[in-house]
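The values are calculated or read from the model by the stated rules, or taken from the named source; none is laboratory data. Everything numeric here is computed off the predicted structure, so don't read it as measured data. Using ideal geometry, Cβ is built from the backbone for each residue, glycine included, and neighbour counts are taken over all protein chains shown.
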Amino acid sequence: MMCEEELWKLKTEPLDVHAMEQARARLDDIAKPIDGLGQFEKILVQLAGIQRTADIGCERRAVLVMCADNGVVEEGVAQTSDEVTALVAANMAAGRSSVNRMAAVAGADVLVTDIGIRGALSCENVRARKIRNGTANFAREPAMTRQEALAALHEGIVWARECRDQGYSLLGVGEMGIGNTTTATAVCCALLGLSPERMTGRGAGLDDEGLVRKRAVISRAIEGYRLERADALTVLAAVGGLDIAGIAGVMIGGALCRMPVVLDGLITEAAALVADRLVPSVRRYLIASHLGREPLCQAVTEELALHPIICADMALGEGTGAVMLLPLLDMALSVYRQNDSFAQMHMEGYRRYREGDVL
C-alpha cells in the first residue's frame with residue numbers, strides 16, 4: 001500500500017504543447033468558423049495534449065464506479081437507509097441501472113468496485129476492494145484513519161493503471177453511496193473555506209428538517225476537527241468517504257497514465273478537488289461533464305478552472321453525467337477528424353487575429 005511519503009512525491013507530466021498546437025491548427029483549418037465548437041474545441045486540444053498526439057483517440061472508454069457506505073447516515077442526513085447502496089451497486093453490476101442504459105448508447109463499459117459497502121456484496125462483476133465496512137459516523141469520530149484513506153486512494157490509482165493496461169483511452173467516474181452528498185459537501189466546504197449553511201444541498205430529496213440537520217452536522221464537524229486550513233488528506237480522513245478517496249485515486253492514476261478522466265457530479269468533483277490538492281496539476285487531465293444541481297458544483301468547478309458542458313439541473317449520480325458527455329464528444333471528434341479544410345473546398349479560410357477573435 002502507498003504511504004504518505006510516496007503520495008507527496010507523485011507528480012504529473014505537463015500536457016504536450018506541440019500536440020496541442022497541432023490540434024488547434026487543425027481546428028482552425030477545417031471548414032467552420034474559428035472556435036465554432038466552443039468549449040469542445042478546448043477539450044479536443046486538451047485531449048491532444050494529454051495523449052501526446054493530434055491524432056486523438058477515445059474509442060475504448062469505461063466508467064469506473066466506486067461504491068461505499070457512509071456512517072454519517074446515522075444522523076438522518078439522507079432520505080433512505082444505507083441498505084440501498086448495496087442494492088444499487090448490484091443492479092449496476094448486473095447492467096440494469098441508469099448508468100448502464102446510458103453507457104450502452106455511448107459505447108462505454110461500466111465497471112463497479114466495492115471499496116466500502118457495509119456488509120458482504122455477493123454478486124458477479126463487482127471488483128472487490130473493500131477497505132472497511134463503510135466509514136464511521138464523522139459526527140462522532142473521524143470517518144476513517146489516514147491509512148484507510150491512503151489505501152482507498154491507492155486502489156483508485158491501481159484501477160486506473162489496470163484500465164490503461166487493458167487498452168482504455170478515456171475514463172469516466174461515478175459513485176454509489178447513500179449519504180455521500182453530505183461527505184462531499186463537508187470535504188468541499190472545508191477545503192474551500194465555504195459556509196455549509198449556504199452550500200449544503202438536499203441530495204436525493206431531503207425535506208426542510210433533514211436539510212437543517214445536514215447543515216448542522218457538517219458545520220459541527222468542520223469546526224470540531226479544525227479543518228478550515230487542513231490539508232486534503234486530513235480533510236478526507238476526517239469527513240470524507242471511501243468512494244471519494246477511491247475516485248480521487250482514479251484521477252491521480254489517470255493523470256500519471258496520461259489518460260483523460262471525465263467527472264460526473266458533486267461527489268466526483270469533491271474527489272477532483274482532493275486529487276488536485278494532493279497531486280498538483282491533476283486538473284489538467286480532467287474534463288467536467290455537467291453542472292449539477294448541488295449548490296457547490298459551480299464553486300468547485302470554478303476553483304479547478306473546469307468548464308462543465310451540460311447544464312441540465314441533473315442530480316442522478318452513478319456516472320450518468322460523464323456518460324452523457326461522451327456522444328457529444330464523439331460528434332465534436334467527427335468534425336475534427338472528417339471535415340474538409342478550407343483549401344480542400346477551394347475557399348479562403350478564417351484567420352485568427354488574436355485569441356478569441358477572427359477576421
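Looking for something surrounded by 15 or more Cβ atoms within 10 Å (Cβ to Cβ) and acidic (Asp, Glu) - is there at least one such residue anywhere in segment 327-334? No, the conditions are met nowhere in segment 327-334.
Scanning segment 176-199 for residues that are buried (at least 23 other Cβ atoms within 10 Å of the Cβ) and more than 23 Å from Gly246 (Cβ to Cβ) returns a single hit, Pro196.
Being assigned to a helix (DSSP H, G or I) and touching a helix residue (DSSP H, G or I) at 6+ places or on another chain (Cβ under 8 Å) is a description that applies to Met324. Scan segment 35-68 for residues that are more than 19 Å from the chain's Cα centre (by Cα), surrounded by 19 or more Cβ atoms within 10 Å (Cβ to Cβ) and among the hydrophobic types (A, V, I, L, M, F, W, C) and the total you get is 4. Taking each residue of segment 87-115 that is of a type in the set (Ser, Thr, Tyr) and looking for partners that are part of a helix (DSSP H, G or I) and crowded, with 23+ Cβ neighbours inside 10 Å with beta-carbon atoms closer than 6 Å, six or more apart or interchain, yields Ser98/Thr320. Residues of segment 7-34 that are in a helix (DSSP H, G or I), more than 20 Å from Ala288 (Cα to Cα) and within 24 Å of the chain's Cα centre (by Cα): Leu7, Trp8, Lys9. Restricting attention to segment 133-147, does a residue exist that is in a helix (DSSP H, G or I) and either surrounded by 17 or more Cβ atoms within 10 Å (Cβ to Cβ) or at pLDDT 95 or above (or both)? Yes, segment 133-147 contains a residue that is in a helix (DSSP H, G or I) and either surrounded by 17 or more Cβ atoms within 10 Å (Cβ to Cβ) or at pLDDT 95 or above (or both).
Does segment 193-204 contain any residue that is at pLDDT 95 or above, touching a helix residue (DSSP H, G or I) at 6+ places or on another chain (Cβ under 7 Å), hydroxyl-bearing (Ser, Thr, Tyr) and more than 17 Å from Ala270 (Cα to Cα)? Looking through segment 193-204, none of the residues is at pLDDT 95 or above, touching a helix residue (DSSP H, G or I) at 6+ places or on another chain (Cβ under 7 Å), hydroxyl-bearing (Ser, Thr, Tyr) and more than 17 Å from Ala270 (Cα to Cα). Among the residues of segment 201-235, those that are part of a helix (DSSP H, G or I), over 23 Å from Asp313 (Cα atoms) and not charged (D, E, K, R) comprise Ala216, Val217, Ile218, Ser219, Ala221, Ile222, Gly224, Ala232, Leu233, Thr234, Val235.
The residues of segment 76-95 that are surrounded by fewer than 22 Cβ atoms within 10 Å (Cβ to Cβ) and closer than 25 Å to Ala216 by Cα, listed by number, are Gly76, Gln79, Thr80, Ser81, Asp82, Glu83, Val84.
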